[in-house]
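> Encoded as structure tokens, here's the structure I'll be asking about.
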Amino acid sequence: MKVLIRGAGVAGLTLANELATRGADVTVVEKRRRIAGNASWHAGGMLAPWCERESAEEPVLSLGRDAADWWEAALPGHVMRNGTLVVAPARDAGELDRFSQRTSGFCTVDLEGIAALEPDLEGRFGRALFFAQEAHLDPRKALLALQEKLVRMGVRFEFGYGAVQASGRADVEADCTGMAGAKTGLRGVRGEMLLLRTQEVSLARPVRLLHPRIPVYVVPRTGNLFMVGATMIESDDPGSITTRSLMELLNAAYALHPAFGEAELVETGTGVRPAFADNMPRVERDGSTIRINGLYRHGFLLAPAMARQAAEMILGNEEGARP
Ligand SMILES: Cc1cc2nc3c(=O)[nH]c(=O)nc-3n(C[C@H](O)[C@H](O)[C@H](O)COP(=O)(O)OP(=O)(O)OC[C@H]3O[C@@H](n4cnc5c(N)ncnc54)[C@H](O)[C@@H]3O)c2cc1C
């Protein structure tokens, strides 16, 4: 079975991994010159189905709970299973109650508990929710490592305009082009993010800071880097971060720990999350074309489940599903 995958974001690369592992002959074509720069490149890398349930439907939890295992099996050593800590400033303590009513899989920790989990947050918050089963990864390192691994498995990569023209040389095509995909029903949800660098703060896990208007998270990465994200704006504009968003994200980081006020602002970025009206992803088939799209704010969390479904459709393990 020859499969041509269009798009080297998290949807395309996880599908390539599923297909190559099952013996398919896979080519990935990507219109950019390398895998960087897409929505997947700007993600936080949180594998947080219990926290996401606060605003997402139940399938996000049931489809996403095995995501950390999938990534660990695909890329050993890339997944950090340290859980998620959710905090709120004293004036927004009601947000913590609201969050706890809409989620499960957490325990409540007090001042000492917070200090034990995150010594640098000692004394800053009186109460927190700890989601011990959650995990995270560095999306950029993971995607680059996945690309390398796929090349070793015999998957071909072609980049740039010429590659995109290619068609008719595979049994099946898989459209994993995110916002460029079939427009029917797809909308963009703009997400702005920052990368900060400081040696003054150390965190072991993603920390979510609740706020009635702008909930924000800080995800630690190696090299004293912290990803701060992310805005949620109904727009498909991939343009530069606005000053307002920049101020809000920086304010939130500063509220989490004042040492972020002295941090180096290494990068600002914008990714556009492809979403359907119900904010749930879809695997669709149209003749010999399969589409994975609508990963919204759950690309790293839900792409493994979507890739598995798509691979079963393509390779015919699903009764009558072979296109
Ligand atoms: C700021 C931010 C933070 C996020 N944080 C998280 C998180 O913590 N956890 C999580 O699970 N998710 C997170 N997400 C969501 C996640 O990033 C997206 O759901 C995911 O990246 C979507 O992946 P994709 O492969 O569908 O699209 P993309 O990553 O956009 O990839 C699509 C690719 O297709 C290429 N392409 C387009 N047209 C063509 C064509 N004609 N031919 C070939 N190639 C083409 C594009 O260049 C692109 O590389 C976040 C998103 C943002 C923006």
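> Over the alpha carbons of the range 1-147, what is the largest minus smallest coordinate on each principal axis, giving the biggest first in Å?
56, 30, 25
> Moving to a separate point now. Under unit Cβ charges (Lys, Arg +1; Asp, Glu -1), what dipole magnitude, rounded to 20 debye, does the chain have relative to its Cα centre? Could the numbers behind the result be given before it?
Working: 37 positive and 40 negative charges, 164 e Å.
With Lys and Arg at +1 and Asp and Glu at -1, about 780 debye.
> Ok, one more. If each DSSP helix of 4+ residues adds -39,500 (n - 2.57) and the sum is divided by the residues in the chain, what number results at 222 nm, nearest 500 deg cm²/dmol?
Calculated mean residue ellipticity at 222 nm is -9000 deg cm²/dmol.
> Of Gly123, Met153, Leu137, whose Cα points farthest to the positive end of the dipole of the range 78-159 (charges on the beta-carbon: +1 Lys, Arg; -1 Asp, Glu; origin at the Cα centre)?
Checked the options; the winner is Met153.
> Can I ask one more? Assign unit charges at the C-beta atoms only (+1 for Lys and Arg, -1 for Asp and Glu), then state the dipole size of the range 7-161 relative to its Cα centre in Debye, rounded to the nearest 20.
Working: 18 positive and 22 negative charges, 152 e Å.
Using only the charged Cβ atoms, the result is roughly 740 debye.
> While we're looking at this one, here's another question. Show Tyr161, Tyr254 ordered by accessible area, largest first, where the area counts protein heavy atoms only and the probe is 1.4 Å. Walk me through the numbers before you get to the answer.
Numbers: Tyr161 170, Tyr254 125 Å².
Accessible-area ranking of Tyr161, Tyr254, largest first: Tyr161, Tyr254.
> Sorting Phe157, Phe226 by accessible area (1.4 Å probe), largest first, what list results?
Phe157, Phe226
> Still on this structure, I have one more. Tell me the relative contact order for the range 1-110 as a rounded percent, counting alpha carbon contacts under 8 Å between residues six or more apart. Display every interim value, and only then the final one.
Details: 79 pairs, mean separation 22.7, N = 110.
It comes to 21 percent, rounded to a whole number.
> By average Cβ neighbour count within 10 Å, what is the ranking of 93-101, 172-180, 137-145, 208-216 from highest down?
Details: 93-101: 14.8, 172-180: 23.6, 137-145: 20.2, 208-216: 17.4.
Ranked from most to least packed, the peptides come out as 172-180, 137-145, 208-216, 93-101.
> Still on this structure, I have one more. Residue by residue through the range 31-46, what is 3J(HN,Hα) from phi via Karplus (6.51 cos²θ - 1.76 cosθ + 1.60, θ = phi - 60°)? Round to whole Hz and write x for glycine and proline.
Values per residue, Gly and Pro as x: 6, 6, 7, 7, 7, 6, x, 7, 4, 4, 5, 9, 6, x, x, 7 Hz.
> Ignoring ligands, DNA and RNA, how do Trp71, Trp41 rank by accessible area with a 1.4 Å probe, largest first?
Reading off the accessible areas and sorting them downward yields Trp41, Trp71.
> How far is helix 10-21 tilted, in degrees, relative to the longest principal axis of the Cα atoms in the chain, given as a value from 0 to 90 rounded to the nearest 10?
Tilt of helix 10-21: around 50 degrees.
> Measuring with a 1.4 Å probe in the full set of protein chains, what accessible area per residue, in whole Å², belongs to the chain?
Roughly 43 Å² per residue, with all protein chains present.
> Taking R0 as 25 Å, what FRET efficiency do you get between Lys149 and Asp110 from their Cβ-Cβ distance, rounded to the nearest 0.05?
0.05
> Expressed in nm to one decimal, what extension gain is obtained for the pair Asp69 and Arg91 from 0.36 nm per residue of sequence separation less their Cα-Cα distance?
Values: separation 22, 0.36 × 22 = 7.92 nm, distance 3.73 nm.
Full extension from Asp69 to Arg91 adds 4.2 nm.
> Moving on to the next point. I need to check one value: relative contact order of the chain, counting alpha carbon pairs closer than 8 Å and at least 6 residues apart, in percent.
25
> Using a Debye calculation, one point per C-alpha and no hydration shell, please list log10 I(q)/I(0) for the chain at q = 0.08, 0.14 Å⁻¹ in order.
The Cα Debye sum returns log10 ratios of -0.36, -1.06.
> Could you work out the Kirkwood radius for the range 164-323, taking every pair of different alpha carbons, averaging 1/r and inverting it, reported in Å?
On the way: mean 1/r = 0.0562 Å⁻¹.
The Cα-based Kirkwood calculation yields 17.8 Å.
> Any chance you could give the angle, 0 to 90 degrees and rounded to 10, that helix 243-256 forms with the longest Cα principal axis of the chain?
Compared with the principal axis, the helix lies near 60 degrees.
> Specify, per residue and in Å³, the volume enclosed by the convex hull of the alpha carbon atoms belonging to the range 79-223.
Dividing the Cα hull volume of the range 79-223 by its residues yields 193 Å³.
> Please work out the Cα center distance from the range 221-258 to the range 3-31, rounded to the nearest Å.
31
> Rounding to the nearest 10 and keeping the result within 0 to 90°, find how far the Cα-based axis of helix 139-152 lies from the longest principal axis of the chain.
That works out to roughly 30 degrees.
The values are calculated or read from the model by the stated rules, or taken from the named source; none is laboratory data. This structure is a prediction, so every number in the text was calculated from the model and none was measured. All Cβ positions, glycine included, derive from the backbone under ideal geometry; neighbour counts span all protein chains shown. Quick note on the areas: whole protein, heavy atoms, side chains included, nothing else; ligands and nucleic acids left out. Shrake-Rupley method; radii C 1.70, N 1.55, O 1.52, S 1.80 Å.
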